[in-house]
Structures are given as C-alpha cells and as structure tokens.
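Please read the structure below before turning to the comments.
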Amino acid sequence: MRETTGALAAQDISEILRHIPHRYPFLLIDRMEACEPNRWVRVTKNITAGEWFFNDDRGHRVMPQLLVVEALAQAAGVLCHHSGLMSESGASLVLLAGIDDFEVLGDAGPGDVLTLECTLLRTLRGVAKLEGRACVAERPIARATLIASMPGGA
C-alpha cells in the first residue's frame, strides 16, 4: 500500500457520484480510500453475492475481467478529476480511450474487497496515460495500462 501522507481524505459514494457519470448497475467503485492529485488514487469495490454479473444459470461466481478493467477505468476517472485534468481541457467527463498490456493474475468473487490503484504516468493535450492495478487482500488480480481522453468542451 502507498504512503498516504499529503493525500486527499477518503470519500464515500456520494462524492464519487458527483465526479463520474456511472450509475447502477455499471458503477463499479464504492469508495475512494486516498488520492494524491497528479500522482495516484486508491478506490475500493465491495463485491457481493447479489451483483448483477453473478446472475446466470451456471452459478459462475467470478467477477468478469472486463468489469475489473472498467473499474480501473472508473478509478482513473476519479484521479483525472482530482488532478484538475478535466478543467484544463474543458471536458465534462473522462473517456476510456485505450487499454494496453492487460494481464489477468487472479480472480475476485463474492465477499472480496477489490482494491484498485491507478498511477498517472503522463498527460498531453487532454489525454492521460495511467498504470492500473487491481488487488484482493493485497494479492494482484489484474494490471493494465490505460489511456484516458478528456475531450474539450464546445
């Protein structure tokens, strides 16, 4: 875990909802644990047995990896917001523009707390490159390099 000295305080879901457009059933983060603007963010997702993505006839109880990537993208959006990148570009939202080097390292299921960390690598003209990592109990389950776009307002 990262040192949180100088980081923003934790935020609950009501504050997150002010900054990203996702809503149920596609909101995949529950809480921002800490954030150091222009550097990194750590958010969590509490995975319950009642998640919509577990409702299948096969009884498959593993969070789909593409939804883990989406949760990382939502964490990246929180970091971009708190870093002031949206206001710099005049954007009203952050879009996932690309995924590189995605690697599956494990699974997450009911009862797990998914911890998502994103680190800002660089920005240029409304585009950010971030490194994302998803863990359960400090055990990595996925990592990816994300490209986020913040298109300028009209």
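Taking only protein heavy atoms and a 1.4 Å probe, what accessible area per residue, in Å², does the chain have with all protein chains in place?
Details: 7840 Å² over 154 residues.
Each residue of the chain exposes 51 Å² on average to a 1.4 Å probe.
Sort 40, 52 by heavy-atom solvent-accessible area, probe 1.4 angstrom, most to least. Write out the running numbers ahead of the final one.
Details: 40 10, 52 90 Å².
Listed by decreasing accessible area, they come as 52, 40.
Add -39500 (n - 2.57) for each DSSP H run of 4 or more in the chain, then divide by its residues: what number comes out at 222 nm, to the nearest 500 deg cm²/dmol? Before the final figure, lay out the partial values.
Working: 3 runs with 28 residues, N = 154.
That comes out to -5000 deg cm²/dmol.
What angle, in degrees between 0 and 90 and rounded to the nearest 10, separates the Cα long axis of helix 65-82 from the longest principal axis of the Cα atoms of the chain?
30
Find how much the distance from residue 121 to residue 8 grows on full extension, using 0.36 nm per residue of separation minus their present alpha carbon separation; answer in nm with one decimal.
So the chain would gain 38.8 nm between residue 121 and residue 8.
Using 0.36 nm per residue, how much length does the chain from residue 24 to residue 61 gain when fully extended, once their Cα-Cα distance is taken away? Present the calculation step by step, with values, prior to reporting the outcome.
Values: separation 37, 0.36 × 37 = 13.32 nm, distance 1.94 nm.
The span from residue 24 to residue 61 would gain 11.4 nm if fully extended.
Which whole-number percent is the relative contact order of region 95-139 (Cα, under 8 Å, 6+ apart)?
On the way: 41 pairs, mean separation 15.3, N = 45.
After rounding, I find 34 percent.
Work out the FRET efficiency for residue 145 and residue 15 from their Cβ-Cβ distance, taking R0 = 41 Å, and round it to the nearest 0.05. Could the numbers behind the result be given before it?
Details: r = 27 Å, r/R0 = 0.66.
Once rounded, the FRET efficiency stands at 0.95.
With +1 on each Lys and Arg Cβ and -1 on each Asp and Glu Cβ, how big is the dipole of region 1-114 about its Cα centre, in debye rounded to the nearest 20? Please list the in-between numbers first.
Details: 9 positive and 16 negative charges, 53 e Å.
I would put it at about 260 debye.
Accessible area of region 82-154 with a 1.4 Å probe: how many percent of it is carbon plus sulfur?
Values: 1880 of 3710 Å².
Carbon and sulfur together cover 51 percent of it.
Put a dot 7 Å past each Cα toward the Cβ at residue 104 and residue 48; how far apart are the dots in nm?
2.6
The values are calculated or read from the model by the stated rules, or taken from the named source; none is laboratory data. Only a predicted model underlies this, so the values are computations on that prediction, with no experimental measurement involved. Positions of Cβ are backbone-derived with ideal geometry, glycine not excepted, and every protein chain shown enters the neighbour counts. Surface accessibility is based on the protein's heavy atoms, side chains included, excluding ligands, DNA and RNA. Shrake-Rupley method; radii C 1.70, N 1.55, O 1.52, S 1.80 Å.
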